[in-house]
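Visitor: Have a look at the structure that comes next, please.
Quick note: the coordinates plus some simple rules give every number you see, no bench work behind them. All figures in this text were calculated on a predicted structure; none of them were measured in a lab. Please note: Cβ atoms are built from the backbone with ideal geometry, for glycine as well, and neighbour counts cover all protein chains shown.
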Amino acid sequence: MENVSVQDIVLATGGVLLSGDDGVMLNKIRLDSRQVETGDLFVPIIGEKVDAHKFLEQVAEKGAGAVLTSEHKEKTEEMEETSCAWIAVDDTKKALQAVGRYLRKRLTLPIVGVTGSVGKTTTREMIAAALSARFHVYKTPGNSNSQVGVPITVSEITKEDEVGVLELGMSEPGELTVIARIAKPDVAVITNIGITHIEQLGSRENIYREKLTIQDGLSDGGILILNGDDDMLCRTRGKAGVKTVYYGTGETCDYRAVDIVLMDGKTEFTAVHAGKTQKVLLNVMGTHNVMNALAAIAVCCERGMTMEEAAEGLLTFHGFKHRQQVYADGRFTVMDDSYNASPASMKAALDVFQGLTGKRHIAVLADMKELGGNYLAYHREVGEYAANSGVDLVVTLGEACRSLAEGVRAVKEIPVVEFSDCGEMVKYLETEIRDGDCVLFKGSNSMGLSAVADQFVEMA
Ligand code: ATP
Ligand code: MG
């Protein structure tokens with residue numbers, strides 16, 4: 001945080017300063033007591049398992065500049081023994097969000113907010129890369145896109161930053177509107193409406209409605225950038241006073257991709273906008289990444305950059321670990337997409353995988369989590385898709401993947417080997433994978449395929 005005092009936090013949260021000096025300047029907001037350093041503001045969140053209020057005294061002694069608390073209403077002797085400022089609030093999470101809103105108001109730079117069911121992080125990174133050709137960009141670190149993550153990202157924007165690119169997530173009803181009102185994006189991007197988090201939201205219609213609440217933070221004159229290839233988003237117009245722009249492969253899209261060429265490790269396409277064309281080279285694979293790159297080009301052009309500049313910036317994006325990285329230099333090729341999985345991203349991965357050159361294509365697929373009551377049907381559907389995508393052998397891990405295996409068998413007679421134990425599966429793969437093969441690893445993060453993929457990248 002820059003130039004934020006205890007008094008600012010009291011003001012922002014509507015809290016009461018129980019103890020300490022209100023003129024003290026604060027450094028960083030911390031939720032994890034172990035990360036607290038001198039001068040930081042510690043916000044104890046009450047979680048399902050742990051109520052972080054139990055760390056208050058510890059961090060105050062360690063030199064925290066201030067702490068929020070919903071546990072104390074009056075000054076205590078312990079408080080006086082430290083130089084830390086103790087600020088009483090009703091609800092620490094809501095207070096943190098109020099701090100986020102307060103700090104956002106003080107910022108003058110434009111903010112780009114990215115939401116959607118899949119591809120938020122990739123799109124955020126591509127937007128940041130493209131904008132970097134002209135601007136000093138702040139971007140959300142890691143996957144910090146939640147109700148507590150977004151206020152912190154806002155607090156970390158500095159004076160040097162000329163534009164902020166924030167990932168805005170949601171996993172439960174009503175969450176995105178809260179997040180959008182903190183981020184207050186000038187430009188909002190919705191990548192797609194899928195079925196991630198359908199368990200909490202009930203239906204794709206509900207997810208659609210939730211995603212559109214990103215507009216609650218959009219001011220008049222804001223820009224809404226939508227995936228024009230998405231069946232729901234293509235029919236959507238932004239609220240009054242907001243300019244709506246579409247990107248995609250369809251002829252009516254404002255930003256269009258044509259002549260897409262997929263290569264091992266790279267993708268090429270031509271971007272078309274307002275009668276102009278621009279060749280774009282991406283150091284990542286897949287048509288879904290063409291969509292993500294188009295979103296980035298749209299953001300750049302709507303903020304006054306040229307397509308040429310955006311394309312130059314996009315060249316600096318090289319993907320990230322466990323998200324569809326292809327290692328093609330060894331004895332066999334490994335495609336590591338083990339970071340997470342949903343039906344949409346499974347299909348996108350299989351499409352890319354199909355394009356890799358190799359003797360056999362072995363898809364190692366693990367359970368997809370958080371898909372709601374219909375999860376077995378979704379697994380089966382991915383199995384059917386895999387069977388139709390030129391895979392020679394399917395190896396599955398997990399209980400839900402039994403349906404995926406059924407889906408494969410229902411469509412084609414290709415070998416399917418099922419495992420419930422990851423160690424057993426690794427042993428099998430060690431003997432099964434041969435020189436010249438292509439192997440895809442994909443499943444939900446908690447299935448542990450990342451470590452398996454690392455092992456096979458090492459062995460290749
Ligand atoms: P999270 O909800 O975990 O934050 P996210 O929305 O940030 O996810 P990414 O991490 O960018 O999404 O990508 C998740 C997966 O989706 C990756 O496997 C990636 O290959 C795939 N993916 C990326 N972009 C798209 C897209 N536009 N359409 C479909 N799949 C995509
Ligand atoms: Mg993400």
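Visitor: Fewest first, what order do M79, M263 take by the number of other Cβ atoms within 10 Å?
Guide: Going from least to most buried by this count: M263, M79.
Visitor: Per residue of the chain, what 222 nm ellipticity follows from adding -39500 (n - 2.57) for every DSSP H run with n ≥ 4, rounded to the nearest 500? Display every interim value, and only then the final one.
Guide: Details: 16 runs with 158 residues, N = 460.
Helix contribution divided over all residues of the chain: -10000 deg cm²/dmol.
Visitor: Could I ask something else about it? Order these by the 10 Å Cβ neighbour count, fewest first: S117, S450.
Guide: Numbers: S117 23, S450 18.
Fewest to most other Cβ atoms nearby, the residues stand as S450, S117.
Visitor: Grab the Cα-Cα distance for E77 and D22, subtract it from 0.36 nm times how many residues apart they are, and report the gain in nm with one decimal. Let's see the in-between values first.
Guide: Values: separation 55, 0.36 × 55 = 19.80 nm, distance 1.83 nm.
Stretched out fully, the E77 to D22 stretch lengthens by 18.0 nm.
Visitor: Separate question: Within the stretch 200-287, list the trypsin sites (Lys or Arg not before Pro) lying in a DSSP loop whose Cβ has at most 10 other Cβ atoms in a 10 Å radius.
Guide: Within the stretch 200-287, the qualifying trypsin sites (Lys or Arg not before Pro) (loop, at most 10 other Cβ atoms within 10 Å) are R237.
Visitor: To continue, here is another question. What does the charge add up to near G222, with Lys and Arg as +1, Asp and Glu as -1, over the other residues with Cβ less than 15 Å from its Cβ?
Guide: After counting each charged neighbour, the total is +3.
Visitor: Could you state the orientation-averaged shadow area of the convex hull built on the Cα atoms of the stretch 15-115, in nm² to one decimal?
Guide: So the Cα hull casts an average projection of 7.5 nm².
Visitor: Could you pull the Rg and Dmax for the chain, using just the Cα atoms, both in Å?
Guide: 24.0, 74
Visitor: Provide the descending list of Cα extents for the stretch 116-236 along its principal axes, expressed in whole angstroms.
Guide: Taking max minus min along each principal axis of the Cα atoms, the stretch 116-236 gives 42, 29, 27 Å.
Visitor: For the stretch 156-313, what class follows from the C-alpha gyration tensor (a ≥ b ≥ c being the square roots of its eigenvalues): rounded when a/c is under 1.5, otherwise prolate if a/b is larger than b/c, else oblate?
Guide: Prolate, since a/c reaches 1.5 and a/b exceeds b/c.
Visitor: Of G443, N27, Y102, whose Cα points farthest to the positive end of the dipole of the chain (charges on the beta-carbon: +1 Lys, Arg; -1 Asp, Glu; origin at the Cα centre)?
Guide: The residue sitting farthest along the positive end of the dipole is Y102.
Visitor: I'd like the distance between the alpha-carbon centres of the stretch 183-223 and the stretch 298-314, rounded to an integer number of Å.
Guide: For the stretch 183-223 versus the stretch 298-314, the Cα centre distance is 24 Å.
Visitor: Tell me whether the stretch 127-171 comes out rounded, prolate or oblate; compute the Cα gyration tensor, take square roots of the eigenvalues as a ≥ b ≥ c, and use a/c under 1.5 as the rounded threshold.
Guide: In terms of gyration-tensor shape, oblate.
Visitor: Compute the semi-axes of the equivalent ellipsoid of the stretch 250-340, taking the square root of 5 times each eigenvalue of the Cα gyration tensor, and list them largest first in whole Å.
Guide: Working: eigenvalues 141, 33, 26 Å².
Those come to 27, 13, 11 Å.
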